[in-house]
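Engineer: The structure's right below; bear with me while I get my questions together.
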Amino acid sequence: MYRTHTCGALRISDVGQEVVLSGWAQTVRDKGYMLFIDLRDRYGVTQLLFNEDISSPELLEQARSVGREFVLQAKGKVAERASKNDKIPTGEVEIEVTELTILNASSVPPFTIDDDTDGGDDLRMKYRYLDLRRRPVQENIMFRSRLGIETRKHLADEGFLEIETPFLIKSTPEGARDFVVPSRMNPGQFYALPQSPQTFKQILMVSGFDKYFQIVKCFRDEDLRADRQPEFTQIDCEMAFVTQEDILNTFEGLTRHLFKALKGIDLPAFPRMTYDDAMRRFGSDKPDLRFGMEFTELNELAQHKGFKVFDSVELVVGINATGCAAYTRKQVDELTQWVQRPQIGAKGLVYVKYNEDGTFKSSVDKFFNTEDLKGWADKMGAQPGDLMLVLAGEADKTRKQLNELRLEMGRRLGLMKPGDFKPLWVVDFPLLEWDEETERFYAMHHPFTSPKKEDVARMLSGGHETMKSLRADAYDLVINGSEIGGGSIRIHDRKLQEKNFKLLGFTDEEAEAQFGFLMGAFEYGAPPHGGIAFGFDRLCAVMNGQSSIRDFIAFPKNNMGRDMMIDAPAPVHPEQLDELHLAQTKID
Ligand code: ASP
C-alpha cells in the first residue's frame, strides 16, 4: 500500500497512529541532529520528522540524500508538533518517520514549486507539469473540475441532455478565422474545427431534443489577447419552444446554483439593461456594476457658453469621482495624460473640483462661472469634495473613452471589491452593425440571431437606414464587467434566414452552399428556439476574481498560440504532406 492517508488528512486527533504517506518533497530542512521534510500532494502538506532518537543513522543518511521534488513514501507515527503551524490544517502534527522509500528521484526543478514562484512565464509554460504542482494552480484546476460537475448536475436536473457534436466540420462564419484540417481521403478539401456548435445545436432542436447542453471545446484562430485562447471551452446550450424570458431565467438559475455550490454566495438580483442604456450610462456593453459613477450628459449645460471645444461636438459627457477634489495638479495632469494615451485616444480632459468649501476650481474657469459649474454638479449628483471629469467629442468614441476612464477611476479608488459579484443581463442588442470601412453589415451576434418580433416586418420591407435600427432578441450575461455568456433567440424560418444572409452580403448561392443544410432543415418543422453559451474558462476566472483564463486551463497556449511544453505547432514530415495532398506547401 503506497499510502494510508493523504498529505492533507492528519490532525491532532490522529496522534499515535501508524501511517504511510506518499508525495513530493517540498522542502528539506537539515538541522544536523534532526531533519524535516515537508511532504506534499494535492491534498496538502505534512511535516516528516527524522531525528537521532527515532531514526537509525542509515535512515537519517537516506533522508539527507533527498532533494526537492523527490517522490517519497514515509512510514511512521503521528506525533504532536513542538512548534505548531496554524497556517495549514495539518500544522499541529508531524510524522516521526521510521521507514523511508525513495520512489523516484528528481532533477532540481527550474523554479521553486511555491505559491509565489520565482519562475517566469515562459519557463512555467515549458515545465507546465511542475507549474501544475503549485497550490494556486492546483486549486484553479480543481475548481474548474468542480464547476464542470456542478454544471452537469444542475442542467441534468433541469432536464437537459448532453449531446456531443462533431469537431470536424465545415467553416462557419462567426467572426473569427477557422482552424482547418486537410482531408486525406478527399484531396484538396478541408474540415474546419468548430468556432462553436451553433448550427448543430439548432439542428438538434429541429430533431426534437428540446433541451441540449454540452461542455465543449471551441476553436478560433484569432490574434491572442491576455484573456483569449485559440481553443477554449463553452457551456453551450439550446432550448426549443422558449422565449428570451425562459432562457434568461434558466441561465440565471444555473449561475445562481454555481455561485452557491462553489463559493457559498447568494448572488444579488440580475438586473436587465438594454444595450442602448448600457452604452449611454456606462459607454460599454459590459458595464461593471460593482460601482456607480454613471455618465451624465452635459450638452445642454455646457454648450454655447463660449468654450469652442464643446460647442462643435456631438457629446459632452462626464463622471463624478467621489471624494477626489483634493487631487493635486500633478494627479490631474497625470489623468489627462492617461486619457490621451493612444490606447484611449481622448484629445483632452476637463476637470472640475467641487471643493469642500463649496467653491469650484476647474480647467475651464474662463468659460464657466460658479453658477454654471454648480449646474453641472447638480446634474451629476456631485457633492463638495468631489471631482468631475468631462470628455467631449463624437458620441460613440467619447463614450468608449469615458468608459475606460471610469474603469480606471474605479481601480484607483478600490471600488472593484474582490468577493463582490454584480451580475447583469444586457438585452436588445442591435441585429446588425454597419462597418464604414468595408461598407457592409456584420451580424452583431451571429447570422442566426432573430430580430425582435416587432422588427420582423421592418426587416423584410425596410431600406438601408431601417436595417441599422433593427433590434435583436440577443442577450449577454455580464458579471463584474466581464462577458460571461451570450446568446439569442434564433431565426427558424427559411425566408427570414435568407433575408438575413442577403443583408450580410451573401449571394443566394453562397448562402445555399454554406448553410443549405440549415435552411433545408427549417423547411421540415423547425420549432421556435434559442440558446446561449457561457465562456467556461472565463466563468472560472471571474468567480475567483482573476483576470486571466490561462490560469484555469491545464495546458494553455502562449500569446503566439504555442504550446511551449510539447512545442506545437511544429512542421510535419514531407510524406505526411504528400498523403494530405499538400506537397506544394512543403517547408524546407
Ligand atoms: N454560438 C454562440 C457563441 O459562441 C452562442 C449562442 O448564440 O448560443 O457565442
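Just so it is clear, none of the values below were taken in a lab; they were calculated from the coordinates. This structure is a prediction, so every number in the text was calculated from the model and none was measured. With ideal geometry, Cβ positions are generated from the backbone for all residues, glycine too; neighbour counts draw on all protein chains shown.
Engineer: Starting from the Cα-Cα distance between Thr370 and Met142, subtract it from 0.36 nm times their residue separation and give me the gain in nm to one decimal.
Structural biologist: 76.2 nm
Engineer: Hey, got a sec? Which GluC sites (Glu not before Pro) in the range 493-587 land in a DSSP loop and have at most 15 other Cβ atoms within 10 Å?
Structural biologist: Glu523
Engineer: Search the structure for amide H atoms under 5 Å from the amide H of Phe160, placed 1.01 Å from N in the peptide plane, and list their residues when 5 or more places away or on another chain.
Structural biologist: Amide H neighbours of Phe160, under 5 Å, 5+ apart: none.
Engineer: For Arg412 and Arg341, what does the FRET efficiency come to when R0 = 25 Å and r is the distance between their Cβ atoms, rounded to the nearest 0.05?
Structural biologist: The value I calculate is 0.95.
Engineer: What are the ³J(HN,Hα) values, in whole Hz, obtained from phi via the Karplus relation 6.51 cos²θ - 1.76 cosθ + 1.60 with θ = phi - 60°, for each residue of the range 294-299 in sequence order, with x given for Gly and Pro?
Structural biologist: 5, 6, 10, 7, 10, 3
Engineer: For helix 370-380, report the angle its Cα long axis makes with the longest principal axis of the Cα atoms of the chain; keep it between 0 and 90° and round to the nearest 10°.
Structural biologist: Helix 370-380 sits roughly 60 degrees off the main axis of the chain.
Engineer: Taking R0 as 60 Å, what's the FRET efficiency between Tyr442 and Val108 from their Cβ-Cβ distance, rounded to 0.05?
Structural biologist: After rounding, the FRET efficiency stands at 0.65.
Engineer: Quote to one decimal, in nm, the extra length available between Ser183 and Asp378 on full extension: 0.36 nm per residue of separation minus the C-alpha distance between them.
Structural biologist: So the extension gain works out to 63.5 nm.
Engineer: Next question. Compute the distance in nm between two label points, each set 7 Å from the Cα along the Cα-to-Cβ direction, one at Ala261 and one at Glu294.
Structural biologist: Label at Ala261, label at Glu294, 3.6 nm between them.
Engineer: Relative to the first principal axis of the alpha-carbon coordinates of the chain, what is the inclination of helix 135-157, with its axis defined by its Cα atoms, in degrees from 0 to 90 and to the nearest 10?
Structural biologist: Between the helix axis and the principal axis of the chain, the angle is about 60 degrees.
Engineer: Here is a follow-up. Taking the Cα atoms of the chain alone, what are Rg (to one decimal) and Dmax (as a whole number) in Å?
Structural biologist: 30.1, 93
Engineer: Say a paramagnetic label sat at a point 7 Å from the Cα of Ala583, along Cα to Cβ; which residues of the range 180-209 have their backbone N under 13 Å from it?
Structural biologist: Nothing falls inside the zone, counting backbone N under 13 Å.
Engineer: Another question about this same structure. May I ask you to derive the FRET efficiency for Glu483 and Ile54 from their Cβ-Cβ distance with R0 = 51 Å, giving the value to the nearest 0.05?
Structural biologist: Calculated transfer efficiency: 0.30.
Engineer: Here is a follow-up. Could you pull out every residue, at least 5 positions away or on a different chain, whose amide H is within less than 5 Å of the one on Arg471? Hs are placed 1.01 Å off N in the peptide plane, and Pro or chain starts have none.
Structural biologist: It is Leu431, Lys452, by chain and number.
Engineer: Which stretch or stretches of the range 93-120 have amide N atoms under 17 Å from the point lying 7 Å from Arg11's Cα along the Cα→Cβ direction?
Structural biologist: In the range 93-120, the label zone of Arg11 (backbone N under 17 Å from the point 7 Å along Cα→Cβ) covers 93-94.
Engineer: While we're looking at this one, here's another question. Which chymotrypsin sites (Phe, Trp or Tyr not before Pro) in the range 474-575 sit in a loop by DSSP (not H, G, I, E or B) and have at most 15 other Cβ atoms within 10 Å of their own Cβ?
Structural biologist: Tyr524
Engineer: Where does the range 124-254 land on Rg(C-alpha)/(2.2 N^0.38 Å)?
Structural biologist: 1.26
Engineer: Say each of Met560 and Glu512 gets a label point 7 Å from the Cα, pointing the same way as Cα to Cβ; how far apart are those two points in nm?
Structural biologist: 4.6 nm
Engineer: Now for a different question. Return the distance in nm (one decimal) between the two label points of a simple spin-label model at Thr101 and Glu394, each offset 7 Å from Cα along Cα→Cβ.
Structural biologist: My value for the distance between the label points is 7.2 nm.
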